[in-house]
Amino acid sequence: MRARSVAAGALATVGLLLVPGAVMAHWATVQLVETERFVEALAPLADNPAVQDRIIVEVTALVDEQVDISGVTSDLLSGLGEALELGDRAQDALELVSEPIAAGVRALVADVVGEVVRSPAFSSAWASSVELLHAQGIRLLSGSPDSLLELDRDGTLRLPLGPIVADVRAALVAQGVPFAAAIPDIDRSIVIAEVPNLALARVIYQVGIAIGVWLPWVTAALIAGAILLSPRRALTLRTVGVFLAVIAGLLAIGFALARTALTAYVGPESSALVGVVFDAVLGYATTTILALLTLGVLVGLVGWWFGPGARVSTWRARAAEGMSSARAARARSGFGLGRFGEWMLRERLMVHSTLIALAIVPALLTPPLSVLSVLASALLALGLIVLAEVLMSEPAAVS
């Protein structure tokens, strides 16, 4: 008995300690490697106002820098004055309106950039680019020298502006803006954010990709083995449930604090953008953590239900009476499973365990694990167990 208790405690301890690593390894393996999930997470960023505003500001400033709108406007007006042979006073008047005209051109550029960035075509192009660049992202995180994306050691992530500038140039030319054709091809990237945790993400990926497939299953097997091996299962269930909920809660708090710290670290100009990217990239892991928190609470409640206590013992007795009444009503109706029903009663623990495992399968087949899928599995398991209890039969009396 003591050896079983020690072994169960050791399995539970190791399993619970592995929970954070299992969550992050699974996130790295699924969220970052599977193209469909990667695109599903990042494609909506094209329609996010924070992302759009940052791109509009950067592209507009880049066009102004490359073309020198003020200088071009001044030169055009000077040339116009000379061609018309205007006097000095007229030339001075043209100079006075040069900057307002340049400001109007900048506003036009900003409007065109906004139309391009907010258009459905841009969203579609963004999604296609995310999918095409996914392979580059994998190379980036794996540290491949073939990566076209750049992630510095300090966590600086850059976005290429060339394709966006090309679209803006085409739109301006179509609207008849005279200097638009002079906008050159741009081979430049802007810093999206300086986030040290992106460098950490590379380490997490490289470690997680190697163990992410099997580590969650090993963790679950260790915890399940501890519960089955323990001679005091109710106590083990309560303990595991409490610690699992605490660990998941700490992870959730840690993610929230990390998001707050990162948005504060990058400054007000990039804070909204960083927050959006953080939510998109780590949304899968956050959903899983909240699901584990819910699971821990449910496991703790199950342990409490089967544990000591006068009140809960009374409730269990009433539930047992209800099951007995339901079985008696089923027997009076003439419906039964015969010897199989008697076997179910003898092997009640195995039957319950099997039904719980079957109820978990749908949640595992539709990742990520979520609060809704955990609650649905719990209700399904409860329903199957109640049905099994009603179908169990007492051994027939031998006359």
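The values are calculated or read from the model by the stated rules, or taken from the named source; none is laboratory data. Bear in mind the structure is a predicted one, so any value in this text is a computation, not a measurement. A quick note on method: Cβ atoms are made from the backbone with ideal geometry, for glycine too, and the neighbour counts reach across all protein chains shown. Surface accessibility is based on the protein's heavy atoms, side chains included, excluding ligands, DNA and RNA. Shrake-Rupley method; radii C 1.70, N 1.55, O 1.52, S 1.80 Å.
Here is how the numbers come out for the structure above:
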| quantity | calculated |
| --- | --- |
| If the convex hull is drawn through the Cα atoms of region 259-305, its volume per residue in Å³ | 65 |
| Fully extended contour minus Cα-Cα distance, from ARG4 to ALA125, at 0.36 nm per residue | 37.6 nm |
| Cβ-based charge dipole, region 319-377, positive-most Cα from LEU349, PHE335, LEU369 | PHE335 |
| Extension gain, ARG118 back to TRP343 (0.36 nm per residue minus Cα-Cα distance, nm) | 74.5 nm |
| Protection proxy ranking, peptides 292-300, 211-219, 332-340, average beta carbon neighbours within 10 Å, highest first | 292-300, 211-219, 332-340 |
| Region 295-346, accessible surface, carbon-and-sulfur percent (1.4 angstrom probe) | 65 |
| Whole-number accessible area per residue in Å² for region 215-260, which is evaluated in the context of all protein chains at 1.4 Å | 51 |
| Over 17 Å [Cα-Cα, region 210-303], rounded percent | 61 |
| Shape parameters for region 240-377, alpha-carbon atoms, Rg then Dmax in Å | 22.4, 74 |
| FRET efficiency for LEU228 and VAL57, using Cβ-Cβ distance with R0 set to 41 Å, rounded to 0.05 | 0.10 |
| Size descriptor, Kirkwood hydrodynamic radius, that averages inverse alpha-carbon separations across region 345-399, Å | 12.5 |
| Protection-proxy order for peptides 321-330, 273-282, 18-27, each taking the mean of Cβ atoms within 10 Å per residue, highest first | 18-27, 273-282, 321-330 |
| Accessible area per residue in Å² at 1.4 Å probe, computed on region 299-399 | 65 |
